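Visitor: This is the structure, below, for whatever I ask next.
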Amino acid sequence: MTNPLPTRDDAWNLLTTYNQSDSLRKHALAVEGVMRYFARQYGEDETVWGIIGLIHDLDYEQFPDQHCVKTEEILRENGWPEDYIRAVISHGYGICTDVEPRSTMEKVLFAVDELTGLVATTALVRPSKSVMDLKAKSVKKKWKDKRFAAGVDRGIIEKGAAMLGVEVGELITGTITGMREVAEAIGLGEQTA
């Protein structure tokens, strides 16, 4: 008998068990929102894509030096399906795993993980501190300044966009749109004075 597919609640409970950091939880929610958005664009299952986005950095707070490796162990111990595990660990391709993104879902996760950080950081330096009025051109302008959000590996984003066969600008626009859907939850919604 096989285990039932994990639910969003299962993913959230695991995530919050292993991650106490508000910033890591918000990052997970941002990636979930973006994955859900792109799932709809590609005609895929947004629940599955969202769960993968939500759980992708499961081990990062407690095991940063074993990123993806510990996630694989934890998900396996919890009876998660192999395709979910593979999708999650593929986002570390070339960094901490040799699992290359193959499916569209895996490629999107690989491409948007770093990009959500750049979008969030760009939003935070704007007067509105919100993604609701953020445009792709603002993110592209910050993209060129290598000192801005220096921890964001732009090469990974470019590689992910190339895997998907889309322009970086198109990927940025979609990422902003996905983050708008979860803006309040990630602290980047309409700001009130």
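Visitor: Return the pair list, or none, for Cβ contacts closer than 9 Å from residues in the range 36-61 that are without any contact (Cβ under 8 Å) to a residue 12 or more places away in the chain and more than 10 Å from residue 178 (Cβ to Cβ) to residues that are in a helix (DSSP H, G or I) and basic (Lys, Arg), at least 6 apart or on different chains.
Guide: 46/36; 46/40
Visitor: I've got another one for you. Hey, any hits in the range 153-160 for a residue that's under 14 Å from residue 107 (Cβ atoms) and small (Gly, Ala, Ser)?
Guide: yes
Visitor: Would you check which residues across the range 112-127 are part of a loop (DSSP other than H, G, I, E, B) and either among the aliphatic types (A, V, I, L, M) or touching a strand residue (DSSP E or B) at 6+ places or on another chain (Cβ under 8 Å) (or both) and list them?
Guide: Passing the criteria: only 125.
Visitor: Can you confirm whether residue 21 is of a type in the set (Ser, Thr, Tyr) and under 29 Å from residue 148 (Cβ atoms)?
Guide: Taking the combined requirement at face value, the residue satisfies it.
Visitor: With the requirement that a residue be aromatic (Phe, Trp, Tyr), farther than 15 Å from residue 161 by Cβ and either free of Cβ contacts under 8 Å to residues at least 24 places away in the same chain or touching an Asp or Glu at 6+ places or on another chain (Cβ under 9 Å) (or both), what does the range 74-104 give you?
Guide: Result: 80, single match.
Visitor: Right, another one. So, in the range 144-163, how many residues would count as being small (Gly, Ala, Ser), loosely packed, with under 15 Cβ neighbours inside 10 Å and outside any loop (DSSP other than H, G, I, E, B)?
Guide: Of the residues in the range 144-163, 2 are small (Gly, Ala, Ser), loosely packed, with under 15 Cβ neighbours inside 10 Å and outside any loop (DSSP other than H, G, I, E, B).
Visitor: Counting only residues that are surrounded by 17 or more Cβ atoms within 10 Å (Cβ to Cβ) and either within 10 Å of residue 55 (Cα to Cα) or not hydrophobic (A, V, I, L, M, F, W, C) (or both), how many does the range 11-39 have?
Guide: Residues that pass the stated criteria total 16.
Visitor: Do we have residue 47 as modelled with pLDDT under 95 and either more than 19 Å from residue 89 (Cβ to Cβ) or of a type outside the set (D, E, K, R) (or both) here?
Guide: no
Visitor: Could you please tell me which pairs satisfy a Cβ distance under 6 Å, a separation of 6+ or placement on different chains, a first residue in the range 105-126 that is under 15 Å from residue 180 (Cβ atoms), and a second residue that is of a type in the set (A, V, I, L, M, F, W, C) and not in a helix (DSSP H, G or I)?
Guide: Qualifying pairs under 6 Å: 123/131; 123/134; 123/188.
Visitor: If residue 130 satisfies all but one of (1) out of contact with any Phe, Trp or Tyr (no Cβ under 8 Å at 6 or more places or on another chain); (2) of a type in the set (S, T, N, Q); (3) assigned to a helix (DSSP H, G or I), what's the number of the condition it fails?
Guide: (3)
Visitor: Which one of 103, 130 is over 20 Å from residue 39 (Cα atoms) and out of contact with any Ser or Thr (no Cβ under 7 Å at 6 or more places or on another chain)?
Guide: None of the others qualify; the one that does is 130.
Visitor: How many residues does the range 71-98 hold that are of a type in the set (Lys, Arg) and either part of a loop (DSSP other than H, G, I, E, B) or over 18 Å from the mean Cα position of the chain (by Cα) (or both)?
Guide: 1
Visitor: Of everything in the range 3-35 that's in contact (Cβ under 8 Å) with a residue 12 or more places away in the chain and not in a helix (DSSP H, G or I), which residue is farthest from residue 170 (Cα to Cα)?
Guide: 3
Visitor: So, in the range 127-141, how many residues would count as being touching a residue at least 12 places away in the same chain (Cβ under 8 Å), at negative phi and not polar (S, T, N, Q)?
Guide: Qualifying residue count, the range 127-141: 7.
The values are calculated or read from the model by the stated rules, or taken from the named source; none is laboratory data. Just so it is clear, the structure is predicted and the values come from calculations on it, not from any experiment. So basically every Cβ, Gly included, is an ideal-geometry build from the backbone, and we count neighbours across all protein chains shown.
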